[in-house]
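J.: Sharing a structure below in structure tokens format, with a few things to ask.
The values are calculated or read from the model by the stated rules, or taken from the named source; none is laboratory data. These numbers come from a predicted model, not from an experiment. Neighbour counts are summed over all protein chains in view; Cβ atoms, including those assigned to glycine, are modelled from backbone coordinates with ideal geometry. Areas reflect the complete protein model, heavy atoms only, side chains present, ligands, DNA and RNA absent. Shrake-Rupley method; radii C 1.70, N 1.55, O 1.52, S 1.80 Å.
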Amino acid sequence: MAKLLCSHISLVCLLFCLSDVVTQLTGETALQCPTGRDGRDGQPGPPGLNGRDGIPGAAGRDGKDGAPGRDGAPGLNGEKGDTGDTGLQGAAGIPGTCPPCQLPKRNITHCTWDASNDDRDSGVIHQCSLIKQRGQTAILVRWTGNLRTRTTGANTCSRWWITFNGVECVDPAKIDVQMYTNTAGHNFHVPSIVEGICYNIEEGSVNVQLNVGDCRPGDEHGDAYTGWNSVSRMIIEEIEL
């Protein structure tokens with residue numbers, strides 16, 4: 001039924017269109033056909049070609065400062081520069097002071113005796129001197145050489161000791177050695193050391209002596225001999241306490 005109705009309408013429309021054609025040809029008014037509905041959109045055509053580049057725009061404003069970048073790796077060392085001119089001489093410094101307990105340098109005396117071959121049984125054998133610079137220092141003395149005591153028929157003993165200006169040390173103690181024998185015919189020359197430190201010796205010239213004599217506590221004196229065919233030596237040094 002709907003198809004039949006559409007056919008009739010189409011036929012009516014055709015008549016109106018023919019009427020319009022007749023009107024145009026004859027000048028007489030013919031039957032007018034109604035305007036039809038818009039047709040459906042056609043399929044999209046292919047894309048057109050790209051347009052030409054536009055005119056460049058004006059430069060934009062400067063942007064804000066960015067955050068500081070990280071430190072770069074250290075560069076290579078540059079070449080060594082020329083030596084600069086010599087600077088002006090500075091002002092003289094304040095004179096220094098030496099601590100009261102410090103000596104300017106080591107104060108040492110060294111005496112030697114070659115083959116002294118001293119056969120005395122008592123008295124001063126060797127003497128060496130030192131200029132002591134301070135009263136509160138001590139003196140270190142060392143005598144080295146060979147010693148001998150020989151029996152004369154009974155038990156005998158010989159003693160060697162150090163004196164300072166003719167007086168034995170009392171602080172802290174005497175500096176001595178003793179040699180004892182009770183065998184007849186023994187004649188041994190023994191390498192020996194007489195060494196010690198003595199305190200409370202006044203400053204100034206100090207004569208240090210090696211003495212020989214009777215033993216303590218009083219054994220019979222032997223046949224003593226000092227420095228047989230060799231070098232004897234005495235070293236004296238002023239030292240800090």
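J.: Being open to solvent by less than 100 Å² (accessible area, probe 1.4 Å), modelled with pLDDT of 80 or more, in a loop (DSSP other than H, G, I, E, B) and out of contact with any strand residue (DSSP E or B) (no Cβ under 9 Å at 6 or more places or on another chain) is true for just one of Gly36, Gly42, Gly51. Which residue is that?
T.: It is Gly42.
J.: Any residue at all in segment 133-140 that's polar (S, T, N, Q) and either more than 30 Å from Glu203 (Cβ to Cβ) or assigned to a strand (DSSP E or B) (or both)?
T.: Scanning segment 133-140, I find no residue that is polar (S, T, N, Q) and either more than 30 Å from Glu203 (Cβ to Cβ) or assigned to a strand (DSSP E or B) (or both), so the answer is no.
J.: Now a separate question. Checking Val206 against (1) in contact with a Cys (Cβ under 8 Å, 6 or more places away or on another chain); (2) farther than 21 Å from Gly222 by Cβ, which test does it fail?
T.: (1)
J.: Return yes or no: is Leu130 surrounded by 13 or more Cβ atoms within 10 Å (Cβ to Cβ), modelled with pLDDT of 95 or more and in contact with a Phe, Trp or Tyr (Cβ under 7 Å, 6 or more places away or on another chain)?
T.: No, not satisfied.
J.: Scan Thr86, Thr97 and give me the residue that is part of a loop (DSSP other than H, G, I, E, B) and either closer than 30 Å to Thr226 by Cα or at pLDDT 85 or above (or both).
T.: Testing whether each residue is part of a loop (DSSP other than H, G, I, E, B) and either closer than 30 Å to Thr226 by Cα or at pLDDT 85 or above (or both) leaves just Thr86.
J.: Please name all residue pairs, on different chains or six or more residues apart, with Cβ atoms under 7 Å, provided the first residue is in segment 106-119 and is buried (at least 17 other Cβ atoms within 10 Å of the Cβ) and the second residue is among the acidic types (Asp, Glu).
T.: Partner pairs satisfying both residue conditions: Asn107/Glu237; Asn107/Glu238.
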